[in-house]
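One structure is given here, and the rest of the page talks about it.
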Amino acid sequence: MNIILTLFESLSSMLSEPMTSLTDLLLSISCFYFFFGLQKFNEASIGQQHWQKFFLFLGFSTLLGALAHGIFERQNNLFYNSVWLIMQISAGISIFYAQAAAFGQLSNLKVSKLMISLSVLQFVIFLPSVFYFFDFRVVAFNSLIAMTQMIVVFFPSKIENWVYKTYISFGFFISFLTIYVHSQKLSFSKWFNHNDISHLIMYVSILLIFRGIKYQCKTQTTD
């Protein structure tokens, strides 16, 4: 136990938030793995291509998060602020592609076009808001809207395609736990705070979403 504490103390002297940086890096590696995992399916549909971009931009965002928490956190200057902004914008782009993938598969074409248009409007509002407020709550609110939409779209109301829809809807559902963890500042210790817990919840979330998309891809390939 003392060896582990000594290791964390050593990392803390080198990194601003070692565990937060590590869990962000875990998320980033996982997202890039999921991105390449979906690329192996030949003749990917537009929806599948959107999901790939969802993982790609989320992976880039969490990679920047690992750098920000690990290296630049103590340096609240122009360089750190620039990294933070690019990180949040990448997360917003990732959210947009998830919405595009979900709404693009709606059977009602008019509703599909309307929801995609609203998603574009949401992103257009989100982008300047991040610059103006420079607050993570803007990102959280933007994600909250999208998560609610994903749960509704993929809710397995019919037996048809219920497996992959359950994976995806439940994946987005448990993402709500990150909001609670952040608001309550839940922590196990100073080495494992609310950011780290949220990152682990996010990992489970994107894993379930990936499993659902992969199942859908395999089903479409065999049809």
How many residues does the range 54-87 hold that are over 16 Å from residue 20 (Cβ atoms) and crowded, with 18+ Cβ neighbours inside 10 Å? 7
How about the range 167-198: which of its residues are closer than 25 Å to residue 19 by Cα, assigned to a helix (DSSP H, G or I) and aliphatic (A, V, I, L, M)? 177, 179, 181, 197
Can you tell me how many residues in the range 151-166 are open to solvent by 50 Å² or more (accessible area, probe 1.4 Å) and assigned to a loop (DSSP other than H, G, I, E, B)? 6
Can you go through 44, 66, 91 and tell me which one is in contact with a helix residue (DSSP H, G or I) (Cβ under 8 Å, 6 or more places away or on another chain), aliphatic (A, V, I, L, M) and at pLDDT 95 or above? 91
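The rows are residues; the columns are (1) under 20 Å from residue 202 (Cβ atoms); (2) among the basic types (Lys, Arg).
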residue	(1), (2)
87	yes, no
107	no, no
110	no, yes
113	no, yes
122	no, no
162	no, no
177	yes, no
When you check residue 138 against the structure, is it open to solvent by less than 50 Å² (accessible area, probe 1.4 Å), over 24 Å from residue 210 (Cβ atoms) and aliphatic (A, V, I, L, M), yes or no? yes
Mind counting the residues in the range 119-135 that are surrounded by 14 or more Cβ atoms within 10 Å (Cβ to Cβ) and of a type outside the set (Gly, Ala, Ser)? 5
Subset of the range 171-201, residues open to solvent by 60 Å² or more (accessible area, probe 1.4 Å), at negative phi and not aromatic (Phe, Trp, Tyr), comes to 177, 179, 183, 184, 186, 187, 190, 200
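The values are calculated or read from the model by the stated rules, or taken from the named source; none is laboratory data. Just so we're clear, the structure is a prediction, and the values are computed from it rather than from any experiment. Methodologically, a virtual Cβ is constructed for each residue, glycine included, from the backbone with ideal geometry; neighbour enumeration extends over all protein chains shown. Heavy atoms of the whole protein, side chains included, go into the accessibility calculation; ligands, DNA and RNA do not. Shrake-Rupley method; radii C 1.70, N 1.55, O 1.52, S 1.80 Å.
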